[in-house]
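A.B. asks: Submitted below is the structure of interest, expressed as structure tokens.
Taken together, the values in this text are just the output of simple stated rules run on the coordinates, not laboratory data. All figures in this text were calculated on a predicted structure; none of them were measured in a lab.
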Amino acid sequence: MIDENSASSSEYEVSMRHLTCGVKDWTLHSLRRTAATNLGKLKVQPHVIQSVLAHSWGGITARYNRFDYFDEKRAAVLLWEAKLASIVA
């Protein structure tokens, strides 16, 4: 058992989430993976999903494509917001 005084706050919070909701073996990264997967289900283009997640581009794309995709990222996040709202409403 992780003790509040001996563990980092994130370890303690993860431990407490497991005890209170029964979900095991997930991290904050699981939220990113869930968002990315569901944005794909919502038909968001993969390059926009990568931009939303702030993944770096490699190779030629990183060198030549400097566009920020702000409007596309905003639209994707609003889609995700609406999906989450429909789940918890």
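A.B. asks: Stretched out fully, how many nm does the piece from residue 53 to residue 13 gain, at 0.36 nm a residue minus the Cα gap? Please list the in-between numbers first.
C.D. replies: Values: separation 40, 0.36 × 40 = 14.40 nm, distance 2.31 nm.
So the extension gain works out to 12.1 nm.
A.B. asks: Want the number for residue 28 to residue 89: 0.36 nm per residue separation, take away the alpha-carbon distance, what's left? Can you show the working numbers first?
C.D. replies: Details: separation 61, 0.36 × 61 = 21.96 nm, distance 2.29 nm.
Result for the pair: 19.7 nm of gain on full extension.
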